[in-house]
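To keep things clear, I will list the structure first and then write my remarks on it.
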Amino acid sequence: MPSEKTKPRSANKTSKATSSMRILFADDETHLQTLMRDALTRRGYNVTVCPDGLTAVAALEKESFDCLIVDIDMPGMTGIEVIERARELRPEIDAVVMTGKPSQETAIAALRSHAFDYLTKPCPLADIARMLERVAAHRDIKRQLAALQHRLHRAEGDSQLVGSGNAMQSVQKLIEKVGPTESTVLIRGETGCGKELVARAVHANSLRADKPLVAINCGALPENLIESELFGHCRGAFTGADAARTGLLEVAHGGTVFLDEIGELPLAVQAKLLRVLETGDIRRLGDNQTVQVDARIICATHRNLEQMVEEGTFREDLMFRINTFELTVPPLRQRTEDIAVLAEHLLRRHRSDGVSGQLFHPDTLAALVAHTWPGNVRELANVIEHAAILCDELPIAPEHLPSRFGERQLRKEIREADPMTLKEMEMLAIQRSLQRHGGDKKIAAEELGVSLKTLYNKLNAAEERRAAG
């Protein structure tokens, strides 16, 4: 192993990501112990040197390290044995094997011990430095992944349905029955009532629970791109297809696909989806070959599919195919006994500091129970978030609720005194929904039970009417 003086000056530069790394080096060669301790310390690493495997294990029992560099041939305990013990004591550690007697047997042993890297002596310090950079990058990726998983869990919540009323208990029993099967499931219910949460509960109760659940909002996908999103495309399949893309149905291979608002799918795409359900084959746009996909299909809609079949906007054979097992999620106004427990659950999820004691003033709960909840649980979640922002100290009082709760009676009197046309009522509903959701047209369209395209058309028509006088 050459001395550090033979290395170019740039090799001494160590990134911030690696400079704070804690390294445990175990080797019975005294000169290597000295070299590694001095050279890596000068590079900014926190280095602990051990003369044998037993000493290294003792160090692992006392403190944690980011990287373990260990010689294979040492007295008392081999390097592979040290790594195996390190996996038990510190499963997060990245282990690197170093040997002066490279062979196929030692390489296989290192591979089986899940070593991060395999180095042979003499090993230039520059190679060790590059290896440590890779270890740092690997650990950074693991931290990012953990953070993303945490954020995803917070965004999605768990798959546990909240509510002890008879309505939700019935839904839960049906989920437990159909979950372990491979049957397609159709979830019906109003917008915002929790259809996706029910789909996640079905997936969590299935044999595919450890595989991906890919949720697709069919109503939010542009009509000219929905086929590509679902089935994928080859490079050059259409204008703008500069690279091949894997479709979401293929991404979900082995797991579950949740097709939310399936009633919004164009007829041409419905035909291709029917083929997937019947054969498991998909064909990417621009490709002549089919790909076999194994994914369970769960669908949801707030639309009347039977009426759409009569109108010719939904395929009857597809409706029968997705409706093997039907689950109906009751609207929130029909499960008022669950509003209090739902409100507390949503508040705890929103408050990262934890909450205890009395969370809501009795008058607040009375106002929540009296509300008709046209937006269902989604509307309740927004109301609780609004109240949590305004409330500095619990319990949440009525004045922390959005102003529409106090204005309900006044609006009723205004409606009774000044009758409106259907178009005026429609625009009022749109404006209120947009106001509730901060102008987010996508969420407003979902709450109103129309497609995003329909919402834009209605807004444009209203603007044209105003412009015309």
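The values are calculated or read from the model by the stated rules, or taken from the named source; none is laboratory data. Predicted, not measured: the structure shown is a model, and the values here were computed from it. Please note: Cβ atoms are built from the backbone with ideal geometry, for glycine as well, and neighbour counts cover all protein chains shown.
Only residues that are of a type in the set (Gly, Ala, Ser) and touching a strand residue (DSSP E or B) at 6+ places or on another chain (Cβ under 7 Å): list them for segment 207-238, please. Result: Ala215, Ser228, Gly232, Ala237. On the stretch given as segment 90-106, residues that are loosely packed, with under 13 Cβ neighbours inside 10 Å and touching a residue at least 12 places away in the same chain (Cβ under 8 Å) total 2.
Matching residues to (1) touching a helix residue (DSSP H, G or I) at 6+ places or on another chain (Cβ under 9 Å); (2) at pLDDT below 90; (3) among the hydroxyl-bearing types (Ser, Thr, Tyr):
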position: Ala343; (1), (2), (3): yes, no, no
position: His350; (1), (2), (3): yes, yes, no
position: Phe360; (1), (2), (3): yes, no, no
position: Asn382; (1), (2), (3): yes, no, no
position: Ala387; (1), (2), (3): yes, no, no
position: Ile396; (1), (2), (3): yes, no, no
position: Glu407; (1), (2), (3): no, yes, no
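Of all residues in segment 17-60, which are β-branched (Val, Ile, Thr) and either under 23 Å from Ala137 (Cβ atoms) or in contact with a helix residue (DSSP H, G or I) (Cβ under 6 Å, 6 or more places away or on another chain) (or both)? Scanning segment 17-60 gives Thr18, Ile23, Thr41, Val47, Thr48, Val49, Val57. Within segment 318-333, the set of residues being touching a helix residue (DSSP H, G or I) at 6+ places or on another chain (Cβ under 6 Å), farther than 18 Å from Thr181 by Cβ and either of a type in the set (Phe, Trp, Tyr) or assigned to a helix (DSSP H, G or I) (or both) comprises Leu318, Met319, Leu332. Does any residue of segment 96-113 turn out to be within 17 Å of Arg22 (Cα to Cα) and not in a helix (DSSP H, G or I)? Yes; the residues of segment 96-113 include at least one that is within 17 Å of Arg22 (Cα to Cα) and not in a helix (DSSP H, G or I).
Annotation: of all residues in segment 56-87 being of a type in the set (Val, Ile, Thr) and assigned to a helix (DSSP H, G or I), the one that is surrounded by the most Cβ atoms within 10 Å (Cβ to Cβ) is Val82. Here the helices (runs of 4 or more DSSP H) wholly within segment 193-294 that include at least 1 residues being among the basic types (Lys, Arg) and either in the same structural domain as Phe314 (by TED's automatic domain parsing) or at pLDDT 90 or above (or both) are 195-204, 267-279.
Screening the candidates Ser170, Ser164 for the property of being exposed (fewer than 15 other Cβ atoms within 10 Å of the Cβ), of a type in the set (Ser, Thr, Tyr) and assigned to a loop (DSSP other than H, G, I, E, B) yields one hit, Ser164. Scanning segment 286-312 for residues that are farther than 23 Å from Ala204 by Cα, in contact (Cβ under 8 Å) with a residue 24 or more places away in the chain and surrounded by fewer than 16 Cβ atoms within 10 Å (Cβ to Cβ) gives Gly286, Asp287.
Pairs only if they're at least six apart or on different chains, beta carbon under 6 angstrom, first in segment 116-135 and more than 15 Å from Asp27 (Cα to Cα), second hydroxyl-bearing (Ser, Thr, Tyr); list them, first residue then second. Between residues of segment 116-135 that are more than 15 Å from Asp27 (Cα to Cα) and residues that are hydroxyl-bearing (Ser, Thr, Tyr), the close pairs are Leu132/Thr18; Glu133/Thr18.
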